[in-house]
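The values are calculated or read from the model by the stated rules, or taken from the named source; none is laboratory data. Values in this document were obtained by computation on a predicted structure and should not be read as measured data. Here the Cβ positions follow ideal geometry from the backbone for every residue, glycine too, while neighbour counts run over all protein chains shown. Areas reflect the complete protein model, heavy atoms only, side chains present, ligands, DNA and RNA absent. Shrake-Rupley method; radii C 1.70, N 1.55, O 1.52, S 1.80 Å.
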There are 2 protein chains.
Amino acid sequence: MGAEGHGDGTVGKALDVLDMVAGLGRAVRFSELLAQGVYPKATLYRFLQTLTHQGMLSYDPDRGTYSLGVRLVRLAHAAWAQSSLAPIARPYLDELAAETGETIHLAQMDLGQVLYVDKRNATRPVEMFAQAGKVGPAYCTGVGKAMLAYLPDEALARALERQSFHRHTPQTLYTPEALKAELAAIRTRGHALDREEHELGIICCAVPILSRSGRAIGALSVTSTTANTTLTALEAKAGRVKDIAAKIAAEAESWRFPEQG
Amino acid sequence: MGAEGHGDGTVGKALDVLDMVAGLGRAVRFSELLAQGVYPKATLYRFLQTLTHQGMLSYDPDRGTYSLGVRLVRLAHAAWAQSSLAPIARPYLDELAAETGETIHLAQMDLGQVLYVDKRNATRPVEMFAQAGKVGPAYCTGVGKAMLAYLPDEALARALERQSFHRHTPQTLYTPEALKAELAAIRTRGHALDREEHELGIICCAVPILSRSGRAIGALSVTSTTANTTLTALEAKAGRVKDIAAKIAAEAESWRFPEQG
DNA sequence: AGACTAAGTTTCACATAATGGAACCAAACG
DNA sequence: CGTTTGGTTCCATTATGTGAAACTTAGTCT
């Protein structure tokens, strides 16, 4: 994770500072940020002032540390409420969770990455990577592959370039070629499988949520562990998941321009 | 909710545009934003370009609309994970939720407003205002009052100025004086009650999470409805809630500077 | 077709706002 | 009581942002 957005103007730089704070993952001192050597003292200082004043950062005067601010959380809440899929899908996720008793994920794709938009925990919850609001890789997750498989050609090309292809587990498909073959298989099958490709012991069956024009606007998955079930058993639920994905798609489609309150 | 951050430089203005998009609460066209008359065409255009390029907005070329982007969500997720209380409190919220079967809220205070940081639904869930990530008023919610009551004097003064004092229900305390009296009562009692002051039928018992120095760093509440229980019954749980709040406080306190991964 | 309109994009002379080296201040240290 | 470390302010220089206006589509009407 090297040099960031650095490029367009003042705003880009300011956002870069936000990322630095986020990246350190805890309240940070001025000097720690300065030590990154990205911006000169005065410049960095001014950014921190502005961002704090704007509520994007919050400053703890007792400790002299900066952390991410609430305005960010408020904005993200709005983002969630507005990412058409999430509110529509909510009742369907509940339904699917109740029916299967497994972990359910709803994800969307952005810039070649997977964003987990909503989640239901299994009746017996399992610790795993995905959380609502978290961003993850596309090439080695069920939801990611399901969406990649239905991306238009040039969008797919761009997305593939952005994959880091780290070999998380022995099962990870870590070359563009292997992945492309898999995507073709997914298209004929209609659903994607994750055979412990991201985390050992975690398997899933994912289905794309397709717009009328055939673009993937999201994906839905049922996830479990090798300790609890088998891939074949999970795959048996694919039909049901597809039905629900279709319902969500239909509702999303008919929802183009909701009136404002 | 009037004119925003408008004031510090380019960054402030750009963030203002983000708020405009968030405020409309759906994917918006360029012209809609332009119609707000805040920025001239070319200026607005440039901001949208920059923000999109930075991943704070995402642009749908098919419809020509902008909506909030993933980078925002990623940042907000980091904000949540880093706002020390949330991750620490998680297991305790689970515990309290299982024990009481009622709705549990964890909130923090910011700029006189309450931010719901985490939540557990009641075994029989009830629709209500609060959601994790949502911001609400302080003067008429249990968690809000619990935190106000333990604010240092000048911080309280600043917070009070920021209250809108809308009379949501007949029980709402809608004057600073009434509220101050209530805060004194809360301090002697050690917990706050919400007697349907924000939403009719919704009652709650809230407890502040206090730092060693006595500042409120958050609040914890058990919420229910008049249909399900009485205020007295809820209040009976106050002791238990206080214990858990104390545990969270202790853990937060000992957690000052976690090493980075 | 061709004239008209609305929505979005690009240009460019101009002024404002960002820049960062250096000076300054305040604690903490020895 | 000099010195270092961490943070804040100044200010001349110049890069950056600004926004009216010109331009380009893409629709719509006759």
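Measuring with a 1.4 Å probe in the full set of protein chains, what accessible area per residue, in whole Å², belongs to the protein assembly as shown? Walk me through the numbers on the way to the answer.
Working: 23570 Å² over 522 residues.
Per-residue value: 45 Å².
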For segment A:156-165, 3J(HN,Hα) per residue [Karplus equation, 6.51 cos²θ - 1.76 cosθ + 1.60, θ = phi - 60°, Hz, x = Gly/Pro]: 4, 4, 4, 5, 4, 4, 8, 6, 8, 6
Aspartates and glutamates with Cα under 16 Å of A:K180, excluding same-chain neighbours fewer than 8 positions away: A:D153, A:E154, A:E161, A:D194, A:E197
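Considering Cα pairs under 8 angstrom that are at least six residues apart, work out the relative contact order of chain B and quote it in whole percent.
Working: 399 pairs, mean separation 35.6, N = 261.
Here the relative contact order equals 14 percent.
Can you compute the charge dipole magnitude of segment B:56-200 about its Cα centre, using +1 on each Lys and Arg Cβ and -1 on each Asp and Glu Cβ, nothing else charged? Give it in debye, rounded to the nearest 20. Working shown, then result.
Working: 16 positive and 18 negative charges, 40 e Å.
So the magnitude is around 200 debye.
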Chain A: most fluctuating residue of A:A132, A:A76, A:A35 per GNM, C-alpha cutoff 10 Å: A:A35
Cut-off under 5 Å, modelled amide H: who pairs with B:G218 long-range: B:I209
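Calculate the dipole size of the protein assembly as shown relative to its Cα centre from +1 charges on Lys and Arg beta carbons and -1 charges on Asp and Glu beta carbons; express the result in debye to the nearest 20.
On the way: 56 positive and 56 negative charges, 52 e Å.
It works out to roughly 260 debye.
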Hits among lysines - C-alpha to C-alpha of A:K119 under 21 Å, sequence gap 8 or more where chains match: A:K134, A:K145, A:K237, A:K242, A:K247, B:K119, B:K134
Shielded residues, segment A:96-122 - accessible-area loss of 20 Å² or more between chain alone and all protein chains, probe 1.4 Å: A:D110, A:L115
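Taking square-rooted eigenvalues a ≥ b ≥ c of the alpha carbon gyration tensor, is segment A:145-249 rounded, prolate or oblate, where a/c under 1.5 means rounded and, failing that, a/b exceeding b/c means prolate?
Working: a/c = 2.15, a/b = 1.04, b/c = 2.07.
Taking the square roots of the gyration eigenvalues as a ≥ b ≥ c, segment A:145-249 is oblate.
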Amide hydrogen neighbours beyond the local backbone of B:N228, cut-off 5 Å, H modeled: none
Calculated label separations, A:S213, copies of the chain, 7 Å along the beta-carbon direction, nm: 5.6
Accessible surface ranking that places the most exposed of B:I244, A:I217 first, with a 1.4 angstrom probe: A:I217, B:I244
0 to 90° range, to nearest 10: angle between helix A:85-100 axis and chain A longest Cα axis: 50
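Under the rule of -39500 (n - 2.57) per DSSP H run of 4 or more residues, summed and divided by the residues of the protein assembly as shown, what mean residue ellipticity at 222 nm is obtained, to the nearest 500 deg cm²/dmol? The partial results should precede the final answer.
Values: 20 runs with 230 residues, N = 522.
Counting only the DSSP helices, I get -13500 deg cm²/dmol.
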Solvent-free Debye scattering, log10 I(q)/I(0), computed from the Cα coordinates of chain A at q = 0.14 Å⁻¹: -1.01
Only Lys, Arg (+1) and Asp, Glu (-1) charged, at Cβ; segment A:165-226 dipole about Cα centre in debye: 360
Chain B: angle of helix B:176-189 to the longest principal axis, Cα-based, in degrees nearest 10: 50
Cβ-based charge dipole, chain B, positive-most Cα from B:P61, B:Q171, B:V73: B:P61
Cα gyration tensor category, rounded, prolate or oblate, for segment A:21-137 with a/c compared to 1.5: prolate
Surface share of carbon and sulfur [accessible, 1.4 angstrom probe, percent] for the protein assembly as shown: 52
Chain A: most fluctuating residue of A:R74, A:R187, A:R240 per GNM, C-alpha cutoff 10 Å: A:R74
Interface A:B - total buried accessible surface [probe 1.4 Å, Å², rounded to 100]: 4700
Candidate aspartates and glutamates - alpha carbon under 13 Å from A:K13, same-chain residues fewer than 8 apart omitted: A:E4
Among A:A14, A:L85, A:G101 the positive-end extreme of the charge dipole of the protein assembly as shown (Cβ point charges): A:A14
GNM result for chain B, Cα springs below 10 Å: residue of B:V17, B:V143, B:V117 fluctuating most strongly: B:V17
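Classify segment B:75-124 as rounded, prolate or oblate, taking a ≥ b ≥ c as the square roots of the eigenvalues of its Cα gyration tensor: rounded when a/c is under 1.5, otherwise prolate if a/b is larger than b/c and oblate if not.
Working: a/c = 2.49, a/b = 1.67, b/c = 1.49.
The shape class here is prolate.
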Residues along segment A:53-83 losing 50 Å² or more of accessible surface when the other protein chains are present rather than the chain by itself (probe 1.4 Å): A:Q54, A:R63, A:L68, A:V70, A:R71, A:L72, A:V73, A:R74, A:L75, A:H77, A:Q82
On Cα atoms only, tilt of A:41-53 relative to the major axis of chain A in degrees: 60
